[in-house]
1. Can you say whether residue 268 is farther than 30 Å from residue 332 by Cα, surrounded by fewer than 17 Cβ atoms within 10 Å (Cβ to Cβ) and touching a helix residue (DSSP H, G or I) at 6+ places or on another chain (Cβ under 7 Å), as far as the supplied structure shows?
2. Which of the following residues is assigned to a loop (DSSP other than H, G, I, E, B), touching a residue at least 12 places away in the same chain (Cβ under 8 Å) and either at negative phi or in contact with a Cys (Cβ under 7 Å, 6 or more places away or on another chain) (or both): 339, 329, 270?
3. Exactly one condition in (1) touching a Gly at 6+ places or on another chain (Cβ under 7 Å); (2) within 27 Å of residue 208 (Cα to Cα); (3) not basic (Lys, Arg) is false for residue 73; which is it?
4. Could you look through region 271-296, keep only residues that are of a type in the set (Asp, Glu) and open to solvent by 50 Å² or more (accessible area, probe 1.4 Å), and pick out the one that is nearest to residue 59 (Cα to Cα)?
5. For residues that are of a type in the set (Val, Ile, Thr) and open to solvent by less than 70 Å² (accessible area, probe 1.4 Å), tally how many sit in region 297-337.
6. Given 87, 100, which one is farther than 30 Å from residue 13 by Cβ, in contact with a Phe, Trp or Tyr (Cβ under 9 Å, 6 or more places away or on another chain) and of a type in the set (Ser, Thr, Tyr)?
7. Out of region 95-137, which residues are more than 27 Å from residue 309 (Cβ to Cβ), among the acidic types (Asp, Glu) and within 24 Å of the chain's Cα centre (by Cα)?
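The values are calculated or read from the model by the stated rules, or taken from the named source; none is laboratory data. Quick caveat, the model's predicted, so the values are computed rather than measured. Cβ atoms come from the backbone with ideal geometry, glycine included; neighbour counts cover every protein chain shown. Side chains are part of the model used for accessible areas, which takes the heavy atoms of the whole protein and leaves out ligands, DNA and RNA. Shrake-Rupley method; radii C 1.70, N 1.55, O 1.52, S 1.80 Å.
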Amino acid sequence: MKHLDEYRDPLLARHLLAELERVATRAWRLMEVCGGQTHTLVRQGIDELLPAGIRMIHGPGCPVCVTPLETLDRAMAVAARPEVILTSFGDMLRVPGSRTDLLALRARGADVRVVYTPMDAVRLARLHPDREVVFLAVGFETTAPANAAAVLHAARLGLANFSLLVSHVLVPPAMTALLDDPDCEVQAFLAAGHVCAVMGWREYEPIARRYEVPVVVTGFEPLDLLEGILMAVAQLESGRHEVENQYVRAVRRAGNTAARDAVARVFRVTDRAWRGIGTLPASGLELAPAYRHFDAARRFDVVGTHPVEDPACIAGAVLTGARLPTDCTAYATRCTPRTPLGAPMVSAEGTCAAYYAAGRTGNGSCAP
């Protein structure tokens, strides 16, 4: 396939691996921030092909996984109301809340609908003026511009029956929180290319300087990741700590100005809870005062939820890279994609789902 196969060329992959063998003189620990990158690394076996001593640590870059349990419970409480049409991307429907998930709630009669863009939810609000249409707005900086555009469009249309349940999170504060942890082993980051396509990489520059860690903006194909790893290791070996851009075909330093402007207009930065991690200061987005009437959390009085995590789930440790999925006693037994205990097993970007799909159990056998 044009513009895809060339990033999966096995000859070039072997060349990059050989160059890594030549450049690396000691052990290094790198974190890929994005869950999509994790899936490529695990599915292609790249993390197992790297030179001895170079270890990939899987980061908290799965937007579904870090959506707090309280938000999911609140979404289900809203969806249970007869006047509500709750809309969401499909990967949110199987994520377990405290007692159930949105898919099970739909099976019991709730009007929960999968949409492909937040604009689909705006169209539903126009088609059903007698119903309240709520869009579950989760994700990192990548999904925020589309959600901002939906709010601006709804405002222009004067829609009073459209709202967002917002749980946006931001990547740079998560990186600094990890680096501030005295037990942090991360020596370099592979930054998510799609986040930087929106936001650019200027926000990573003070992180690289302050913590003296290389940050390489990286794509999602096997050769992207191998080249990004090589660039990060080359910096570490030479004692440099800069932001470099491997993903030159999609990312510029300033990002997408129009997208950034829309986000800045509709949202403002706030403290945000991350599932399994806790509340991180200035790590999320909420609707700005001018657009607060589109806030479903304010529109529906469902603040009395009491989230309860399954005690067997170690999702928080997996999300921060402290543990592997195979360290969990429930992995591939009680916890599977059909019966997930935590979001990392059900999300398309979850680390546990990546390990399960690749048949990794940690004991040399394949997952059932």
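1. On the way: farther than 30 Å from residue 332 by Cα: yes; surrounded by fewer than 17 Cβ atoms within 10 Å (Cβ to Cβ): yes; touching a helix residue (DSSP H, G or I) at 6+ places or on another chain (Cβ under 7 Å): no.
It is false that residue 268 is farther than 30 Å from residue 332 by Cα, surrounded by fewer than 17 Cβ atoms within 10 Å (Cβ to Cβ) and touching a helix residue (DSSP H, G or I) at 6+ places or on another chain (Cβ under 7 Å).
2. Values: 339 fails: touching a residue at least 12 places away in the same chain (Cβ under 8 Å); 270 fails: assigned to a loop (DSSP other than H, G, I, E, B).
The unique qualifying residue is 329.
3. Status for residue 73: all satisfied but (2).
4. Initial filter on region 271-296 (of a type in the set (Asp, Glu)): 271, 286, 295.
Among the residues that remain, those that are also open to solvent by 50 Å² or more (accessible area, probe 1.4 Å) are: 271, 286.
Working: 271: 20, 286: 23 Å.
If we take residues in region 271-296 being of a type in the set (Asp, Glu) and open to solvent by 50 Å² or more (accessible area, probe 1.4 Å), then 271 is nearest to residue 59 (Cα to Cα).
5. We begin by selecting, within region 297-337, every residue of a type in the set (Val, Ile, Thr); these are 302-303, 305, 308, 314, 318, 320, 326, 329, 333, 336.
Imposing the further condition that a residue be open to solvent by less than 70 Å² (accessible area, probe 1.4 Å) reduces the set to 302, 305, 314, 318, 320, 326, 336.
Here the count works out to 7.
6. 87
7. 120
Per-residue answers, yes or no, for (1) modelled with pLDDT of 95 or more; (2) within 14 Å of the chain's Cα centre (by Cα); (3) farther than 18 Å from residue 235 by Cα:
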residue: 10; (1), (2), (3): no, no, yes
residue: 16; (1), (2), (3): yes, no, no
residue: 25; (1), (2), (3): yes, no, no
residue: 28; (1), (2), (3): yes, no, no
residue: 35; (1), (2), (3): no, yes, yes
residue: 50; (1), (2), (3): yes, no, no
residue: 69; (1), (2), (3): no, no, yes
residue: 73; (1), (2), (3): no, no, yes
residue: 82; (1), (2), (3): yes, no, yes
